[in-house]
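The values are calculated or read from the model by the stated rules, or taken from the named source; none is laboratory data. Note that this is a predicted model, so its numbers are computed, not measured. For neighbour counting, all protein chains shown are included, and Cβ atoms are generated from backbone atoms with ideal geometry for every residue, glycine included.
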Amino acid sequence: MSRMHSLLALALLGTSFHSQLFAEVERTETTEGARIAWYTTWQEGLAEAKRTNRPIMLHSAAPQCSGVPGMW
Amino acid sequence: MVTASRDWVCIRPATYESEIEAAILKRLFRTRSGELENTVFALLDPNGKRITRGGRSPSFVFADAADMATEMLRIAKDFKPKKVARDLPTIADVRLGLNVAACDNVPLVVAWAKNAKGLPALRAKLAQAAWDTGIVGRAHYVIAHETEGQVGVSEVAEFEGKLGVYVVVPDAYGLEGRVLEYLSSKKELAAGLREALGRYEPVTKNDRRHVREGKRKGLDWESELPVTGPQERRRR
């Protein structure tokens with residue numbers, strides 16, 4: 001397989017895993033309905049991390065799909 | 001994953017909504033296009049320095065959600081969290097808040113203060129309720145008054161503008177909302193929030209149908225910055 005084909009295959013594979021794992025992280029919740037509590041600004045989140053000595057999980061996303069809002 | 005996340009600060013900036021954040025995101029992960037793209041993922045220490053390599057999503061770094069949760073639990077042991085009350089995660093204004101809440105299929109809680117002086121007290125009170133075990137992560141929050149954070153409040157039906165807390169149901173596209181419940185800020189908030197969240201009915205969305213119907217309606221979200229992700233630009 002040429003290098004270009006290999007890279008394309010990897011990109012497509014990464015894209016499908018990206019969608020699945022991103023969706024899994026986004027929709028994760030406990031049986032009690034609790035979910036990940038997201039800080040939505042870098043400034044607030046960083047301040048909280050420093051203040052509480054917690055590491056940061058950062059995952060930016062655009063609140064629109066193909067320009068249509070209401071969906072990541 | 002939810003359990004693992006409690007020892008972390010989880011930050012999800014809305015891409016293309018802040019120039020300052022865009023610069024930070026580009027620094028954390030250099031995309032092939034060289035442009036800011038829709039998503040960036042990284043694990044960082046409390047000072048914002050990278051612990052793992054960055055990527056477009058967790059799948060660039062981890063095999064699956066279980067792998068990610070295991071690693072997050074392991075890393076968290078290196079940092080002893082301080083025993084202080086958690087701050088309230090907030091969204092800049094009602095307009096963006098409605099959209100983000102719609103994306104997550106949760107209500108938007110709008111705490112309305114009389115003026116800027118009233119914001120810190122209202123924030124602290126709401127933070128206590130927001131981190132209650134039965135509430136955490138089940139809503140998004142905006143703290144606002146007449147001149148701050150108020151953009152978009154005119155799109156919320158039955159919003160009265162009196163001091164207090166409004167539990168707002170966003171429409172499917174996050175462009176409008178309606179008040180599900182009003183809670184006086186003079187009373188204890190956790191019980192009222194729990195009750196309102198229990199009454200909230202999430203909308204079932206099909207990705208393709210949502211986008212197709214949205215395009216048919218002519219909906220087009222105007223972000224603060226131009227969309228530069230190559231895949232997203234091709235889809236528009």
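The requirement of being surrounded by fewer than 18 Cβ atoms within 10 Å (Cβ to Cβ), in contact (Cβ under 8 Å) with a residue 40 or more places away in the chain, over 27 Å from A:Glu48 (Cβ atoms) and within 14 Å of chain A (Cβ to nearest Cβ) is fulfilled somewhere in the range B:175-190, by at least one residue. Considered as a group, the residues in the range B:100-124 that are buried (at least 19 other Cβ atoms within 10 Å of the Cβ), part of a helix (DSSP H, G or I) and out of contact with any His (no Cβ under 8 Å at 6 or more places or on another chain) include one that is modelled with the lowest pLDDT, and that residue is B:Leu122. B:Pro81 versus (1) buried (at least 22 other Cβ atoms within 10 Å of the Cβ); (2) facing chain A (nearest Cβ under 7 Å); (3) in contact with a Ser or Thr (Cβ under 7 Å, 6 or more places away or on another chain); (4) touching a residue at least 12 places away in the same chain (Cβ under 8 Å): which is the lone unmet condition? Against the list (1) buried (at least 22 other Cβ atoms within 10 Å of the Cβ); (2) facing chain A (nearest Cβ under 7 Å); (3) in contact with a Ser or Thr (Cβ under 7 Å, 6 or more places away or on another chain); (4) touching a residue at least 12 places away in the same chain (Cβ under 8 Å), B:Pro81 comes up short only on (1).
One residue stands out in the range B:125-140 among those that are within 10 Å of the chain's Cα centre (by Cα) and at the interface with another protein chain (Cβ under 9 Å from one of its Cβ atoms): the one that is surrounded by the most Cβ atoms within 10 Å (Cβ to Cβ), namely B:His140. Just to verify a result, which residue in the range B:38-53, among those that are more than 9 Å from every other protein chain (Cβ to nearest Cβ) and assigned to a loop (DSSP other than H, G, I, E, B), is surrounded by the fewest Cβ atoms within 10 Å (Cβ to Cβ)? Among those residues, the one meeting the criterion is B:Lys49.
When B:Leu225, B:Leu193 are checked against the criterion of being within 20 Å of the chain's Cα centre (by Cα) and part of a helix (DSSP H, G or I), a single residue qualifies: B:Leu193.
Quick one: is B:Lys215 under 21 Å from the mean Cα position of the chain (by Cα), charged (D, E, K, R), within 9 Å of another protein chain (Cβ to nearest Cβ) and within 30 Å of B:Arg56 (Cα to Cα)? Steps first, please.
On the way: under 21 Å from the mean Cα position of the chain (by Cα): no; charged (D, E, K, R): yes; within 9 Å of another protein chain (Cβ to nearest Cβ): yes; within 30 Å of B:Arg56 (Cα to Cα): yes.
No, not satisfied.
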